[in-house]
Amino acid sequence: MRTLTLDRPQAMNALDGELKEVLLAAVRGAALDAHVRAVVLTGAGRAFCAGQDLRERADDAPSLAEELRERYIPLILAMRRLEKPIVAAVNGVAAGAGFSLALACDLRVMAEGATFVAAFGRIGLVPDSGMSWFLPRLVGPARAAEILMLSDPIDAARAERIGLADRVVPAEAVVAEAQSLAARLAMGAPRAQALTRRALAYGQEHDLEATLEFEAQLQDAAGRSADHAEGLRAFAEKRPPRFTGE
Ligand code: T3D
């Protein structure tokens, strides 16, 4: 398991060009490292991530569309295409694209005092970095509209109630809790975990019939893996399985 920490605490881990590059490289690094079976994403200091660094905009900055295409879209796609589970340890406020980053993870462990803030509308922008795809799928279209159009902070208790947080724990325990969840995920059969992620993504975009067929194809692949054979042996021998990813 690998923990990635957004590390600009002096700016509430706001995403400047360098941090976006470092994060993308770290996600790609985790993808390539066979020893990494799960990832935790968290922030240093009191924030998870305040979104785009609003002080970075220079007069010669590219258009916002270019910035999204060049930096944010590759980052969100790399996270979603990573064939390993990602757990967000939301240690503090997650605003704007920082909120999107948390939603791009599979699971969110949230500190009691942390908040989600859509933020985009407050500065006259629209949701980006996948927010308008992730949010309605998690909380439903009406709640998503309210969250995005009002930008009221969502505290941890409400986040848990509406399905944005999977666990809420005291601030001092948030990273450890996310790491222990990631460690449990890392013990699963890596190929099956990757295919499960793929199946969930596919199911969000296709009808039942297509999804049933896609599941059959994935199950065919999983059924031929050494890990499936190991799972059957472990079941018969009444012991925990030892999955290798083969
Ligand atoms: O390229 C593009 O622009 C397109 C992509 C857009 C994606 C986006 O993410 S757009 C949304 C950008 N983010 C925001 O609009 C959030 C702005 N920040 C806030 O709303 C609040 O700061 C927070 C809700 C995050 C936290 O509030 P609070 O009261 O806990 O802290 P604060 O006092 O507002 O902020 C503390 C410091 O962090 C402060 O600096 P100072 O005065 O102590 O020197 C503040 O300016 C700084 N800070 C907070 N957010 C950002 C930031 N600095 C730069 N960029 C930020 N996003």
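With Cα atoms as the point set, the range 29-86 shows a radius of gyration and Dmax of 14.6, 43 Å. Dividing the summed -39500 (n - 2.57) terms of all DSSP H runs of n ≥ 4 by the residue count of the chain sets its mean residue ellipticity at 222 nm at -14000 deg cm²/dmol.
Computed from Cα positions, the angle between helix 190-203 and the longest principal axis of the chain comes to roughly 60 degrees. Note on the range 101-246: Rg/Rh from C-alpha atoms, Kirkwood Rh, equals 1.06. Amide H to amide H, with H built 1.01 Å from N, T3 comes under 5 Å of V40, counting only residues 5 or more places away or on other chains. Protection proxy ranking of 10-20, 87-97, 185-195, by the mean of other Cβ atoms within 10 Å over each peptide's residues and highest first, is 87-97, 185-195, 10-20.
If the chain linking W133 and L32 were pulled fully straight, counting 0.36 nm for each residue of separation and taking away their Cα-Cα distance, it would gain 33.7 nm. Taking 7 Å steps out from each Cα toward its Cβ at L212 and R161 produces label points 3.8 nm apart. The value obtained for the chain, namely the Cα convex hull volume divided by the number of residues, is 135 Å³ per residue.
Under the simplified labelling scheme, the F235-V126 pair shows an inter-label distance of 4.8 nm, with each label point 7 Å from Cα along Cα→Cβ. Calculation over all alpha carbon pairs of the range 190-237 in 5 angstrom steps from 0 returns a P(r) of 5, 22, 25, 19, 14, 9, 5, 1 percent.
Only protein heavy atoms count here; on that basis, with a 1.4 Å probe, E146 has an accessible area of about 80 Å². Each label point was placed 7 Å from the Cα along the Cα-to-Cβ direction; for D220 and R184 their separation is 3.4 nm. Extension gain for the segment R143 to V22, taken as residue separation times 0.36 nm less the Cα-Cα distance, is 40.3 nm to one decimal.
The values are calculated or read from the model by the stated rules, or taken from the named source; none is laboratory data. Because the structure is a prediction, the values reported are computed rather than measured. Glycine also receives a Cβ, built like all others from the backbone with ideal geometry; neighbour counts cover every protein chain displayed. Note: areas computed on protein heavy atoms with side chains; ligands, DNA, RNA excluded. Shrake-Rupley method; radii C 1.70, N 1.55, O 1.52, S 1.80 Å.
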